[in-house]
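Report on the following structure.
Each reported figure results from applying straightforward, stated rules to the coordinates on display, with no laboratory input. Treat the numbers as computed from the prediction; the structure is a model and nothing was measured. Neighbour counts are summed over all protein chains in view; Cβ atoms, including those assigned to glycine, are modelled from backbone coordinates with ideal geometry.
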Amino acid sequence: MTEVTQPALTIDALGKKCPIPIIMLAEQINYVPLNAVVAVLADDPAAYTDVPAWCRLKSHRHVGSYELPEGGWAIHVRRNY
Amino acid sequence: MSLVAYFDAASSEPLHPQAREALLAAIDAGWADPARLYGQARRAHLLLEQARTEVAEALGARPDEVSFTSSGTQAVHLGVLGTLHGRRRAGRHLVTSAVEHSSVLHAGALHERDGGTMETVGVSLTGRVDLGSFTAAVARPGTALACLQTANHEVGTLQPVAEAAEACREHGVPLLVDAAQTAGRMPTPPGWSVLTASAHKWGGPAGVGVLAVRKGTRFRSFLPEDERERRRVPGFENVPAVVAAAAALRATAAEAEREQARISELVARIRETVPEIVPDVEVIGDPVERAPHIVTFSCLYVDGEALLTELDKAGFAVSSGSSCTASTLRPSHVLEAMGVLTHGNVRVSLPRGASAAEVDRFLAVLPELVRRIRQDAGVA
């Protein structure tokens, strides 16, 4: 298994419905340095599709989505610019 | 111009005036049991068989291949499960695309609960099924049936039905083609073994679906025996509605070439203009290989339900695949399978007669509505 980069910032969007997790991500990704990873914790099923789609639209990198033991995912995004 | 611009033809096309006329006439003339042998019954039988011949001709089938069901969903359920039942000696494997209508996927789920297997083949970012994977899935020994829609109901993308049918033919696997979004609008692609459609999507009344089974395709209803509709569909036929459905299909198909080209240009205008006037929008689906009447887009940072509500207030009837607009609170499986943005989603589908003025008004109000919803959500 490849090493998962430690996130520089974790956004807790658990219990929040889309588009709120995406709005939080868009706001806060600029708080981390270039190439750092932001983890979005979300349990709205829409976020599982929408965070990677946002990365594609905004030219950031979706690193991976990891299931959380209590339900939902930690969705890792690398800041590209 | 009416106060509300109806832009949800993919859900249901308004009743065609000729269907209304035919329905009223057939309620008086076609009420009797078409299976009986007296005058009124023979009259109902004649009306039913005439409608069958017309529908068959418009869809590229033979009359004896066509059965009428109570909906498009029922046609799919009976078509999928009846073909699987008829082919159970050949195998119990079902192949579909990941973006089929829920009626296909739910029939497949029932088949799985009954011990069968199902493979859903993925799609590209535009929603088109991966033909190579579809062909490989069909070639797997024990495949009893494959299913593919003509066009996707949420994003309009056309599927490579003719090519898929060729692959199915090579491997001796029947192909069920769900033509719900294109029947009456576009010619039926060649190569189907089972064809399904829904009358209220071409301007017929609700309550009429079409299940056509090509001669030579093994088919056996899984339901209790009933002699109606070539033993494929149980229950007393709704003759007046079937007559109206045939009248609508005849009228729609006759004007399709010109009217659909016109509608397609309006859809192209929406596709091209929306990203120019609304920031952070993704227009979804294939820009060229698409059904004429459907365009779908997603607005970043926008709540789909809020946008639908605002559009309703502004006089536009549209639909959405966003999770907040679904009773299940799950995003549309189509958008998920494509990997596109599921929130802030709007599907515009233009009915016959949709006007350029209505489309212009839609394009005029949309940017401000989106801007206001974003502002309220605190998005700069």
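When you count the other C-beta atoms within 10 angstrom of each residue and take the mean per peptide, B:193-204, B:134-145, B:329-340, B:268-279 line up highest first as B:193-204, B:329-340, B:134-145, B:268-279. Reducing region A:1-77 and region B:6-82 to their Cα centroids gives an inter-centroid distance of 51 Å. Peptides B:11-21, B:205-215, B:74-84 ranked from most to least packed, by the mean per-residue count of other Cβ atoms within 10 Å: B:74-84, B:205-215, B:11-21.
Label sites at B:THR273 and B:LEU37, each approximated as a point 7 angstrom past Cα along Cα to Cβ, lie 6.4 nm apart.
Centre-to-centre separation between the Cα atoms of region B:188-248 and those of region B:301-380: 33 Å. You can think of it this way: the chain between B:GLU49 and B:SER124 has 22.8 nm of extra reach, that is 0.36 nm per residue less the Cα-Cα gap. Calculated FRET efficiency, B:GLU163 to B:ARG140, Cβ-Cβ distance, R0 = 22 Å: about 0.80 to the nearest 0.05. Within 10 Å of the Cβ of each residue in A:37-47, the mean number of Cβ atoms contributed by other protein chains is 3.
Working from label points 7 Å from Cα in the Cα-to-Cβ sense, the A:ASN35 to B:THR328 distance is 4.2 nm. Protection proxy ranking, highest mean first, for peptides A:33-46, A:63-76, B:242-255, B:298-311: B:242-255, B:298-311, A:33-46, A:63-76, where packing is the per-residue count of other beta-carbon atoms within 10 Å, averaged.
Between amide H atoms placed 1.01 Å from N, distances below 5 Å from A:GLY64 occur with A:HIS76, all of them 5 or more places distant or on a separate chain. Annotation: the antiparallel percentage among DSSP beta bridges lying fully within the protein assembly as shown is about 60.
For the protein assembly as shown, the 222 nm mean residue ellipticity estimated from helices alone, with every DSSP H stretch of n ≥ 4 adding -39500 (n - 2.57) and the total spread over all residues, rounds to -12500 deg cm²/dmol. Highest mobility in the GNM of chain B, judged by mean-square fluctuation with C-alpha springs under 10 Å and restricted to B:VAL281, B:VAL155, B:VAL99, is found for B:VAL281. Structural descriptor for chain B: relative contact order 22 percent, calculated from alpha carbon pairs under 8 angstrom and at least 6 residues apart.
Taken residue by residue and averaged, Cβ atoms of other chains lying within 10 Å of the Cβ of B:342-350 number 3.
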